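Contents: one structure, followed by commentary.
The values are calculated or read from the model by the stated rules, or taken from the named source; none is laboratory data. Here the structure is a predicted model, which is why all the values come from computation and not from measurement. Cβ coordinates were reconstructed from backbone atoms using ideal geometry, including for glycine residues, and neighbour counts include every protein chain displayed.
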Amino acid sequence: MGNLPSDGPFIITPNHTSELDPLTIAMPVYDYGLNPTFLAKDSLFKVPGLGAVLRRTAQVPVHRGTADSVKALSAAQRHLAAGSPVIIYPEGTLTRDPQLWPMHAFPGAARLALAMDVPVIPVAHWGDQEIVGRDPGPEGKRHFRPFPRKRVRIRFGPAVDLSPWAPDREELAAMDMDRRLHAVPHGKTVAATGAIIDAITELLAQLRDEKPPAKRWDRRRGERR
């Protein structure tokens, strides 16, 4: 937990292996004295128990592929501007990697970080997919196996170095919130997204004590590239 800032706006970016992992991430962050806002896929709000918690705590649903996904980024932007931490899953959905490594990711977290000039704290967790998760395979069925008790580990890494892609701070400061999100070139957000996923993967490799695959899983193609 030493890599988490004690206050101020920042973005936490976890890997996504289980419908349970929002709780896995939230518990240590809340215990640290922080009150983050989650950007979570809308389907998580339909999970019994978890959905009620997400709604009660005013978390932000993300409807991918719709205009509402842009609204979710704008909502996160307002939380960051107010000095609050935000949690975003860069992959946008549960990993489809057969070995549960992080996939190619969406650029929302990187775009927000660059537009708002805030740090990104990568985090990896491992073990909760044994409790709530999917069986192996692209069409793996969901399972719930709370017993016997499982060991869940989590590791927060140092802030990802996004300085190679950072916009000019003075130019950003002169822009309103809406313009900031669109001011960062797409190529920079893609490169920064790669750096974020690399950092998450490295942390996960440490937890698993395994070497990750050389290529990342592409959900659209159903293969590594």
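Points to keep in mind about this one:
- Condition met for L4 (in contact (Cβ under 8 Å) with a residue 40 or more places away in the chain and part of a helix (DSSP H, G or I)): no
- Test result for P146, surrounded by fewer than 16 Cβ atoms within 10 Å (Cβ to Cβ), under 18 Å from P122 (Cα atoms) and of a type outside the set (D, E, K, R): no
- Output for the stretch 177-213, where each listed residue is aliphatic (A, V, I, L, M) and at pLDDT below 95: M177, L181, A183, V184
- Subset of the stretch 96-111 [touching a helix residue (DSSP H, G or I) at 6+ places or on another chain (Cβ under 9 Å) and either more than 21 Å from Y32 (Cβ to Cβ) or part of a strand (DSSP E or B) (or both)]: L100, W101, P102, M103, H104, A105, F106, P107, G108, A110, R111
- Residues satisfying the stated conditions in the stretch 11-25, i.e. at pLDDT 90 or above and hydrophobic (A, V, I, L, M, F, W, C): I11, I12, I25
- Considering residues of the stretch 50-73 that are assigned to a helix (DSSP H, G or I) and in contact with a helix residue (DSSP H, G or I) (Cβ under 7 Å, 6 or more places away or on another chain) only, the residue modelled with the lowest pLDDT: L50
- Residue that is nearest to L112 (Cα to Cα), among those in the stretch 1-33 that are under 14 Å from the mean Cα position of the chain (by Cα) and of a type in the set (S, T, N, Q): T13
Okay, residues lined up against (1) closer than 23 Å to L203 by Cα; (2) surrounded by fewer than 20 Cβ atoms within 10 Å (Cβ to Cβ); (3) free of Cβ contacts under 8 Å to residues at least 24 places away in the same chain; (4) touching a Pro at 6+ places or on another chain (Cβ under 7 Å):
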site: G8; (1), (2), (3), (4): no, yes, no, no
site: T17; (1), (2), (3), (4): yes, no, no, no
site: V47; (1), (2), (3), (4): no, yes, no, no
site: V70; (1), (2), (3), (4): no, yes, yes, no
site: R78; (1), (2), (3), (4): no, yes, no, no
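- Taking the stretch 142-224 and the helices (runs of 4 or more DSSP H) fully enclosed by it, no element has 3 or more residues that are free of Cβ contacts under 8 Å to residues at least 12 places away in the same chain and among the aliphatic types (A, V, I, L, M).
- Given (1) surrounded by 15 or more Cβ atoms within 10 Å (Cβ to Cβ); (2) in contact (Cβ under 8 Å) with a residue 24 or more places away in the chain, index of the condition P61 fails: (2)
- Matching residues, the stretch 24-41, being part of a helix (DSSP H, G or I) and surrounded by fewer than 17 Cβ atoms within 10 Å (Cβ to Cβ): M27, P28, Y30, D31
- Among the residues listed as F45, F106, the single one being at pLDDT below 85 and among the hydrophobic types (A, V, I, L, M, F, W, C): F45
- Verdict on R151 being of a type outside the set (A, V, I, L, M) and over 23 Å from T95 (Cα atoms): no
- Residue within the stretch 116-131 that is among the polar types (S, T, N, Q), touching a strand residue (DSSP E or B) at 6+ places or on another chain (Cβ under 7 Å) and modelled with pLDDT under 95 present: no
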